[in-house]
Amino acid sequence: MKWEGNRQSDNVEDRRHENHAGGDGGARISGGRGIGLGSVVIALLVGWVFGINPLTILGVLSGGDVQVPQARHAPAQRSAADDHMSRFVSTVLADTEDVWTEVFAQGGARYAQPKLVLFSGATPTACGTGQSAMGPFYCPGDHNVYIDLRFYQTLRDELGAPGEFAQAYVIAHEVGHHVQNLLGISDKVDRMRGRVSEREYNALSVRLELQADCFAGLWAKKSHESRQTLEGGDIEAAMNAAAKIGDDALQQKSQGHVVPDSFTHGTSAQRMQWFNVGLESGSLKACDTFSAQRL
């Protein structure tokens, strides 16, 4: 992926050096829902990788009232690799800003840019305490995308999805959730919580996540058209990442079997398909997963 020398975003907040500590009992979290890769299956797998109880993660993501144990974190030491990665994600974020500003302007609207928060271990958010084990996530309450950059090591080593464009896809997917928030789509889905069965709500969540994948593909197409950012193997890297974080792939890896009714992000095939829809069409309308009869 060609990104060196391109504009970096001013909307990056680096909290990696901060010391977020709680009392002996931990912090109480109520309400809010972070949208992103850190859902049920990520909680099961990545929670195991980082050694955090998946039930804690699930409680936060479901918007429940849970007790989250708070560990005292020493200030993070920034390595040269960290600095390289922070420049990378800042450049990717800037690229999404340029693309979505143009897309919104074409529709006669103004794009409100999200902030990207880099953290280590845990950090406060409007959706509760963010934990590294959640993976990258978007919080609609504060319009922030949160990521512990160590997730990229997990993506490469534990999930088998290496490559810079795979890492860029992760950011673009979370920014896709921000776009959904601005368009009122995620709010409509969230209002269905408690009004439909768990299975039906999971199905709506799948459509929400697949649309974010499609938006990531839309970004990739328009970015390449404007700045020729894609290189050989980049699309394959993004497709591979989409496949590795499909509900079926993650459940099979973490528990040895799949439970389709519990899917919240879509299968590997669906995630690859909808990323490709956005990549080929570059169209918001084409990314309407909620009107699609078949996913």
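The values are calculated or read from the model by the stated rules, or taken from the named source; none is laboratory data. Note that the structure is a prediction, hence the values are computed from the model and not measured. Glycine gets a Cβ as well: all are built from the backbone with ideal geometry, and neighbour counts include every protein chain shown.
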Considering only region 77-123, state which residues are at pLDDT below 95 and of a type in the set (Asp, Glu).
-> Asp82, Asp83
Considering every residue within region 114-124, establish whether at least one is buried (at least 24 other Cβ atoms within 10 Å of the Cβ) and under 21 Å from Cys287 (Cα atoms).
-> yes
Considering every residue within region 228-238, establish whether at least one is of a type in the set (Asp, Glu) and more than 30 Å from Lys2 (Cβ to Cβ).
-> no
Residue satisfying all of: in region 220-256; among the aliphatic types (A, V, I, L, M) and in a loop (DSSP other than H, G, I, E, B); modelled with the lowest pLDDT among these | Ile245
Quick one: how many residues across region 94-123 are assigned to a helix (DSSP H, G or I) and not aromatic (Phe, Trp, Tyr)?
-> 11
Subset of region 93-121, residues touching an Asp or Glu at 6+ places or on another chain (Cβ under 9 Å) and under 13 Å from Ile147 (Cβ atoms), comes to Pro114, Lys115, Leu116, Val117, Leu118, Phe119, Ser120, Gly121
Is there a residue in region 221-231 that is surrounded by 17 or more Cβ atoms within 10 Å (Cβ to Cβ), of a type outside the set (A, V, I, L, M, F, W, C) and free of Cβ contacts under 8 Å to residues at least 24 places away in the same chain?
-> yes
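Residue-wise test of (1) of a type in the set (Phe, Trp, Tyr); (2) closer than 25 Å to Ala122 by Cβ; (3) part of a helix (DSSP H, G or I).
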site	(1), (2), (3)
Asp142	no, yes, no
Tyr146	yes, yes, no
Leu149	no, yes, no
Arg156	no, yes, yes
Pro162	no, no, no
Ala172	no, yes, yes
Gly176	no, yes, yes
Complete set of residues in region 124-146 that are at pLDDT below 95 and closer than 21 Å to Asp83 by Cβ = Ser132, Pro136
